[in-house]
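Let me begin by presenting the structure, written as structure tokens, before commenting on it.
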Amino acid sequence: MSADSMTAQAGPVTPAPEYTGARKKRRHNSLTLGIVGWVVGILFFFPVLWMVITSFKTEAQAYTNTPRVIFSPTLSEYKTVFSSGLWPYVANSAFATIVSTILVLVLAAPCAFALSLRPVKKTRDVLFFFISTKMLPVVAAIIPIYIAARDLHLLDNIFTLVILYTAMNLPIAVWMMRSFFLEVPGELLEAAEMDGAPLRRTVVEVILPVVAPGVAATALICCIFSWNEFFFAVNLTATRAATVPVFLVGFISSEGLYFAQLAAAATVATLPVILIGWVAQRQLVRGLSFGAIK
Amino acid sequence: MAEVSYEQATCIYPGAERPAVSALDLAIRDGEFVVMVGPSGCGKTTALRMLAGLEEIDEGSIRIDGKDMVGVPSRERDIAMVFQNYALYPSKTVGENMGFALKMQGVAKGERAGRVREAAKLLDLQDFLDRKPRNLSGGQRQRVAMGRAIVREPKVFCMDEPLSNLDAQLRVQTRTQIAELQRRLAVTTVYVTHDQVEAMTMGDRVAVMRLGQLQQFASPTELYDKPDNVFVASFIGSPAMNRFDGTLENGGIRAGGALLRPSDQQLHAAQGHGKLVVGIRPEHLSVGGGGELTLKVALVEDLGSDSFIYGSLADDPDSNIIVRSGRDHPRPGEVIKVGVDTAQLHLFDAGTGRRIGG
């Protein structure tokens, strides 16, 4: 008997009632979860959407009591933002972000390498020490930091922010990169050693290409944290070294809140991070899921 | 090419109860293919890694061409290693993987490419030189790992279970290729496996290890015919050697409910040993024959060309006896008479496990 004739004789297959019931229940559950997911997503995204929409309104339109959804968009607030001296702030932010991120990567990579691939007895203690530095609220340390910066004549100096952002991101970077380094099979290191590669070339030619997505993810996180950092910037800078978040605060003045201008400035401030995130998206997803998938 | 010798080489992992490798003595000849075999945790891989410089030598020494390797880093030993999981560099192409060691040695790009091509040709990898390892099958990756080792023309090859990730058919095929390649290149090779068939078919000599200690180092034939102790006797050979408890009695040995009469030389050697372990390989038992043993058949494995009969002695239901038989074999449940070729008996001291007689 051929397979076809067997199938033909078997007739239509009716699933067992329990089976269809279970499937219905599962579909119902996933629908509920889907709705909840969308609602939560929209709630998170709404402030961003509101910010972008408001940035295209005039101040008068931004203040209407029932917020208008339909309006004639204008770039006038963007023009105001760009003409009110944004660029020095962007330059400061970019400098502090890029230099501190490079410093963090240069310092964290060997540290994470040692803590993951060449562990010693006290490795766990060292790791705990790193993360413990993040347990202290920044506000608790601001006075000694301020006094130190003042006495070293480093107030309103962009290098102060570079140092602080490096210190701020280093523990997270070490932890993140360590988890990526842990995924590197030990045999790769041994193979490189057997092939006669000294440590530096092993790291550069064998290890770093493997952990590149992780390094990219770490760099992006550091960039985001540094770019958005506000507390140190507002307390330790004034005019010369102020960064974009400080510039944004300028729109909250004693005469009132300039909603549309603030929204336009905030949109501009957000763009670089979104851009970097979008460019690094593939690497980032690989990097952030690196530890989960072998 | 080189001579390799382990001299009382010992490796102790921190916190371990016993040495991973204990006072290992091995003298490996130039160009020889030596296989280290044993069950998991026997120290075979550690012994190999000690030679490669990936584990410390805590006591004793390992010499390559007479030069003591204690304290010499791996990269200065001129040893190539094939890892169990191949350890190919994922970001490099096949060609770059194979040429990496030469690059580290400072070999010029042109010469490097030539040598890589030559090795690739030998391993039938010419068409894959530009591919990344992730785009290769398991067998191809294994060949790349081999290629990475041979392109260097090292003094010694170390291979750590390089076939364990391949399917059964490919394993048999690659086994032959590796053995043939090694004979052609004549590079001293130390090969680690837990598969005794690999050990027996590939090695010029085989080192059987257990609990960090060398049990016997001999040719495959000698291991099979004259195992030094009960462990080697039971580990080498598939199915394993049959073993019975035995005692000297009336000019013979009482074992398995029968009085067996080994050679005079064996009987003489067994005097004063008290309790014995008597061993006999499945092919040296025969259905019918002298009929010394009575066997209740439990299971028959028909392999086509011949068959293995599994059962227990009629007066000892806990015993496990295996008999090799032809295509005509009894059915499970039958009680049969089994003859013993007493010229092929192996005698061991029950206390020490050591072989008695020649």
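The values are calculated or read from the model by the stated rules, or taken from the named source; none is laboratory data. Predicted model, so just to flag it, every value in this text is computed and none were measured. Quick reminder, even Gly has a Cβ in these numbers, built from the backbone with ideal geometry, and neighbours come from all protein chains shown.
Kindly provide the set of residues from region B:168-223 that are at positive phi and either in a strand (DSSP E or B) or buried (at least 17 other Cβ atoms within 10 Å of the Cβ) (or both), ordered by number.
Here is the first cut: in region B:168-223, the residues at positive phi are B:186, B:211-212.
Passing the criteria: only B:Gly212.
Using the structure shown, decide if A:Tyr19 is more than 30 Å from A:Ala219 (Cα to Cα), modelled with pLDDT under 85 and within 33 Å of the chain's Cα centre (by Cα).
Numbers: more than 30 Å from A:Ala219 (Cα to Cα): yes; modelled with pLDDT under 85: yes; within 33 Å of the chain's Cα centre (by Cα): no.
So A:Tyr19 does not fit the description; no.
Tell me, which residue of region B:137-161 that is outside any helix (DSSP H, G or I) and either away from chain A (no Cβ under 12 Å) or touching a Ser or Thr at 6+ places or on another chain (Cβ under 7 Å) (or both) is surrounded by the fewest Cβ atoms within 10 Å (Cβ to Cβ)?
Taking region B:137-161 and keeping what is outside any helix (DSSP H, G or I), we get B:137, B:151-161.
Next, only the ones that are either away from chain A (no Cβ under 12 Å) or touching a Ser or Thr at 6+ places or on another chain (Cβ under 7 Å) (or both) stay: B:137, B:153, B:155-157, B:159-161.
Values: B:Ser137: 11, B:Glu153: 14, B:Lys155: 18, B:Val156: 23, B:Phe157: 24, B:Met159: 26, B:Asp160: 23, B:Glu161: 19.
So, considering only residues that are outside any helix (DSSP H, G or I) and either away from chain A (no Cβ under 12 Å) or touching a Ser or Thr at 6+ places or on another chain (Cβ under 7 Å) (or both), the one surrounded by the fewest Cβ atoms within 10 Å (Cβ to Cβ) is B:Ser137.
What single numbered condition from (1) under 24 Å from B:Leu181 (Cα atoms); (2) in a strand (DSSP E or B); (3) more than 14 Å from chain A (Cβ to nearest Cβ) fails to hold for B:Ala23?
(1)
Which of the following residues is surrounded by fewer than 18 Cβ atoms within 10 Å (Cβ to Cβ) and assigned by TED's automatic domain parsing to the domain that holds A:Asn235: A:Ile142, A:Ile172? Spell out the reasoning first.
Numbers: A:Ile172 fails: surrounded by fewer than 18 Cβ atoms within 10 Å (Cβ to Cβ).
Only one candidate qualifies: A:Ile142.
Taking B:Arg134, is it free of Cβ contacts under 8 Å to residues at least 60 places away in the same chain, within 14 Å of chain A (Cβ to nearest Cβ), surrounded by 17 or more Cβ atoms within 10 Å (Cβ to Cβ) and among the basic types (Lys, Arg)? Steps first, please.
Numbers: free of Cβ contacts under 8 Å to residues at least 60 places away in the same chain: yes; within 14 Å of chain A (Cβ to nearest Cβ): yes; surrounded by 17 or more Cβ atoms within 10 Å (Cβ to Cβ): no; among the basic types (Lys, Arg): yes.
Taking the combined requirement at face value, the residue does not satisfy it.
Do we find that A:Val106 is assigned by TED's automatic domain parsing to the domain that holds A:Phe231, exposed (fewer than 12 other Cβ atoms within 10 Å of the Cβ) and assigned to a helix (DSSP H, G or I) in this structure? If you could, list the steps in order and put the result at the bottom.
On the way: assigned by TED's automatic domain parsing to the domain that holds A:Phe231: yes; exposed (fewer than 12 other Cβ atoms within 10 Å of the Cβ): yes; assigned to a helix (DSSP H, G or I): yes.
It is true that A:Val106 is assigned by TED's automatic domain parsing to the domain that holds A:Phe231, exposed (fewer than 12 other Cβ atoms within 10 Å of the Cβ) and assigned to a helix (DSSP H, G or I).
Would you point out the residue of region A:73-98, among those that are in contact with a Ser or Thr (Cβ under 8 Å, 6 or more places away or on another chain) and in a helix (DSSP H, G or I), that is surrounded by the most Cβ atoms within 10 Å (Cβ to Cβ)?
Of all residues in region A:73-98, those in contact with a Ser or Thr (Cβ under 8 Å, 6 or more places away or on another chain) come to A:74, A:76-78, A:89, A:92-93, A:96-97.
Those left that are additionally in a helix (DSSP H, G or I): A:76-78, A:89, A:92-93, A:96-97.
On the way: A:Ser76: 15, A:Glu77: 25, A:Tyr78: 19, A:Tyr89: 23, A:Asn92: 21, A:Ser93: 25, A:Ala96: 28, A:Thr97: 26.
Top of the filtered list is A:Ala96.
For region A:217-236, enumerate the residues that are surrounded by fewer than 16 Cβ atoms within 10 Å (Cβ to Cβ) and under 15 Å from A:Phe181 (Cβ atoms). Can you show your working first?
So the first thing to find is which residues in region A:217-236 are surrounded by fewer than 16 Cβ atoms within 10 Å (Cβ to Cβ), and the list is A:230-231, A:234.
Residues satisfying the conditions do not exist here.
Consider only pairs whose beta carbons are under 6 Å apart and that are at least six residues apart or on different chains; among these, list those whose first residue lies in region A:189-206 and is within 7 Å of chain B (Cβ to nearest Cβ) and without any contact (Cβ under 8 Å) to a residue 24 or more places away in the chain and whose second residue is of a type in the set (Gly, Ala, Ser) and part of a helix (DSSP H, G or I).
A:Glu193/B:Ser74; A:Met194/B:Ser74; A:Asp195/B:Ala101; A:Gly196/B:Ala101; A:Val206/A:Ala192
Among (1) under 20 Å from the mean Cα position of the chain (by Cα); (2) more than 14 Å from chain A (Cβ to nearest Cβ); (3) more than 15 Å from B:Gly212 (Cβ to Cβ); (4) among the β-branched types (Val, Ile, Thr), which single condition is B:Val70 missing?
The failed condition is (1).
What residue, among those in region A:146-201 that are over 30 Å from the mean Cα position of the chain (by Cα) and assigned to a loop (DSSP other than H, G, I, E, B), is nearest to A:Leu105 (Cα to Cα)?
Checked region A:146-201; the qualifying residue nearest to A:Leu105 (Cα to Cα) is A:Pro198.
Looking for something farther than 28 Å from B:Gly53 by Cα and surrounded by 22 or more Cβ atoms within 10 Å (Cβ to Cβ) - is there at least one such residue anywhere in region B:108-125?
yes
Taking the stated definitions as given, is B:Ile57 in a loop (DSSP other than H, G, I, E, B), aliphatic (A, V, I, L, M) and either surrounded by 18 or more Cβ atoms within 10 Å (Cβ to Cβ) or within 14 Å of another protein chain (Cβ to nearest Cβ) (or both)? If you could, list the steps in order and put the result at the bottom.
Values: in a loop (DSSP other than H, G, I, E, B): yes; aliphatic (A, V, I, L, M): yes; either surrounded by 18 or more Cβ atoms within 10 Å (Cβ to Cβ) or within 14 Å of another protein chain (Cβ to nearest Cβ) (or both): yes.
Considered against the rule, which asks whether it is in a loop (DSSP other than H, G, I, E, B), aliphatic (A, V, I, L, M) and either surrounded by 18 or more Cβ atoms within 10 Å (Cβ to Cβ) or within 14 Å of another protein chain (Cβ to nearest Cβ) (or both), B:Ile57 comes out as yes.
In region B:99-118, which residues are within 16 Å of A:Asp195 (Cα to Cα) and either in a helix (DSSP H, G or I) or among the hydroxyl-bearing types (Ser, Thr, Tyr) (or both)?
B:Gly99, B:Phe100, B:Ala101, B:Leu102, B:Lys103, B:Met104, B:Arg112, B:Arg115, B:Val116
Could you list, in sequence order, the residues of region B:253-272 that are buried (at least 16 other Cβ atoms within 10 Å of the Cβ) and either at positive phi or without any contact (Cβ under 8 Å) to a residue 24 or more places away in the chain (or both)?
B:Arg254, B:Ala255, B:Gly256, B:Leu267
Among the candidates B:Glu292, B:Glu283, B:Glu301, B:Glu249, single out the residue that is of a type in the set (Asp, Glu), in contact (Cβ under 8 Å) with a residue 24 or more places away in the chain and out of contact with any Gly (no Cβ under 9 Å at 6 or more places or on another chain).
B:Glu283
Given (1) without any contact (Cβ under 8 Å) to a residue 40 or more places away in the chain; (2) assigned by TED's automatic domain parsing to the domain that holds A:Val204; (3) part of a helix (DSSP H, G or I); (4) more than 23 Å from the chain's Cα centre (by Cα), identify the lone condition not met by A:Lys121.
A:Lys121 satisfies every listed condition except (3).
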